[in-house]
Amino acid sequence: MSTETSQRGSPSSAPADPAPSATGWGWGRWTWRTMTSMRTAIILLTLLALAAVPGSLLPQRNVATDPAAVDRFVMENPHLSPWLDRLGLFDVYASAWFAAIYLLLLVSMTGCVLPRCARLWRSVRSAPVRAPGNLARMEGHVEWTAHSGPASEASPQVAAADLLRDRGFRVEIHGNEVRAEKGYLRELGNLVFHLSLLVLLVGVAAGRLFGFEGRVALAEGATFTNVRSEYDAFTPSVWTDVDNLEPLSFTLDDFEATFETTGAKAGEPRRFNAALSFRTGTGSPTRVQDVQPNHPLDINETKAFLTGHGYAPVVTVRDGRGDVTFSGPVIFLPRDSTYASDGVIKAPDAVPQPLAFEGFFLPTADIDDRGPYSAFPDAFNPELFLTAFTGDMGLDDGTPQSVFTLDKTNMEQVTGEDGQPLAQALAVGETMTLPGGVGTLTFDKVARFANFQIAYDPGKEISLLAALMLLAGLTTSLSVRRRRIWLRVTPGADGAADHIEVAGQSLTRWPLKPADLDALVAALRPAPISTPLRERTRS
């Protein structure tokens, strides 16, 4: 993007890059020059763009909006998925090969951009260049002869310098020559543009090295504290200080979801709002904030985004002695657009034996020839469909187990008097009583839950700054015209009239603005012209 110009030989006369010498230093210099060339930077930038394509086409792990996407893809493509996983294509942006391309690009851009920025800075601060030997070959060339005025009058050089300074030119007088240049802001724009590329890479690197991302699902009334153990999924970066995360806790006081109820778009979401009360440290006051899509809770760059929601039926489980062994909301994961949801309820401390329930929740239950289904995503007719199990759930063997799955290896399904598996549909307030007096489950009410993505990315602001720098620099470099004007006075011999020449040069693809030259000529050339020689304008 640089518009810096200099005297250069023809391409055929330019010396070829010398071959590396046999010494190690020679190969090192050759490798560094190759690595930091603009061609290499462009190649690596293209490779980085191509490497990001699988991340857009294939599902990625640890994506808050759809955490089960990779599992579904593996189930649908059992033969292809293992090969894709070996290549790291389900976790592209954390793969070793993507990081290698990025680091090479960072090194290449640093070595390429910084020297170029130094040259541009020197160009911004440089003095106007001297006039070429033959001004007649330059743009807008005008020449005339004139006798010198009285000693009290300013010389043509001083008059020209004053006029050009008033028009915003950088001016220097060297003997009988005036050198003026304008449009240095163009080179400053080029400098900002090139620096923005490096700042952008630094911003992305900062986010990948120091940031983190996690997911948590909260039912209404539940509280989250920003420590690693509280996350459902947590993905730190290489240098994330996981022991000193931002002191933050928040409670989901209420979640509101609104859907279109009439017309062709019935069932489409209209508004989601999570009412939070939060604290930012020990002893700090409790504050409240509504979190909506694209309007996160932001505490010192740690942001909580609302990414999803669903239903959490509130149930009470009693064991064979009548004691409450579990009470509260249970998150059921949505499986379609009507929010028909699957879930598991566990009561491992029940006596005489642990109890577990598995089933699905329908917000607006209905039934047809295919069986029960949800007719609408809002909870107009909520029903809970459950089957029961007893026995060891495998929670004591030390193996991590998802709260959304049930290990039935050592469990038995509860059967009814007819010997068939016991299954029951519960409306709000109804109770499922297990045979043999082993326990009961009561469907108390319907609550909601919300999914939050907690993210800390210290490079976002840096990347935003880089984008603004790029826009400002590119706009400046494309809109500002850099140009030069020279005036040369050749004194006449033995009292003869002086020979005065004025010419200019445009350093961009646009022709030289005639107004600057016209004003200069009009101010200096006498009328009528004493001895006109030649006027020629070249574009």
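A few points about this structure:
- Take the conditions (1) part of a loop (DSSP other than H, G, I, E, B); (2) surrounded by 12 or more Cβ atoms within 10 Å (Cβ to Cβ); Ala388 misses just one of them, which is (1).
- Within the set Glu213, Glu246, the sole residue that is acidic (Asp, Glu), under 22 Å from the mean Cα position of the chain (by Cα) and surrounded by 15 or more Cβ atoms within 10 Å (Cβ to Cβ) turns out to be Glu213.
Conditions tested, residue by residue: (1) buried (at least 20 other Cβ atoms within 10 Å of the Cβ); (2) within 45 Å of the chain's Cα centre (by Cα); (3) outside the structural domain of Leu114 (by TED's automatic domain parsing).
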{"site": "His147", "(1), (2), (3)": "no, no, yes"}
{"site": "Asp162", "(1), (2), (3)": "no, no, yes"}
{"site": "Arg165", "(1), (2), (3)": "no, yes, yes"}
{"site": "His194", "(1), (2), (3)": "yes, yes, yes"}
{"site": "Ala206", "(1), (2), (3)": "no, yes, yes"}
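- Residue within the stretch 476-493 that is over 47 Å from the mean Cα position of the chain (by Cα), at pLDDT 85 or above, closer than 30 Å to Pro132 by Cβ and aliphatic (A, V, I, L, M) present: yes
- Of the residues making up the stretch 513-536, those that are crowded, with 16+ Cβ neighbours inside 10 Å and modelled with pLDDT of 85 or more are Asp516, Leu517, Leu520, Val521, Leu524.
- Qualifying residue in the stretch 18-29 (condition: part of a helix (DSSP H, G or I), surrounded by 11 or more Cβ atoms within 10 Å (Cβ to Cβ), at pLDDT 80 or above and touching a helix residue (DSSP H, G or I) at 6+ places or on another chain (Cβ under 6 Å)): no
- Hits in the stretch 502-526 (condition: assigned to a helix (DSSP H, G or I) and under 20 Å from Ala136 (Cβ atoms)): Pro514, Asp516, Leu517, Asp518, Leu520, Val521, Leu524
- Within the span defined as the stretch 177-185, one or more residues are in a loop (DSSP other than H, G, I, E, B), of a type in the set (Gly, Ala, Ser), closer than 15 Å to Arg482 by Cα and in contact (Cβ under 8 Å) with a residue 60 or more places away in the chain.
- All positions within the stretch 213-225 that are out of contact with any Lys or Arg (no Cβ under 9 Å at 6 or more places or on another chain) and either of a type in the set (Asp, Glu) or over 17 Å from Val288 (Cα atoms) (or both): Glu213, Arg215, Val216, Ala217
The values are calculated or read from the model by the stated rules, or taken from the named source; none is laboratory data. It should be emphasised that the depicted structure is a prediction, and the values quoted were computed from it without experimental measurement. Cβ sites come from the backbone with ideal geometry, for glycine too, and all protein chains shown count toward neighbours.
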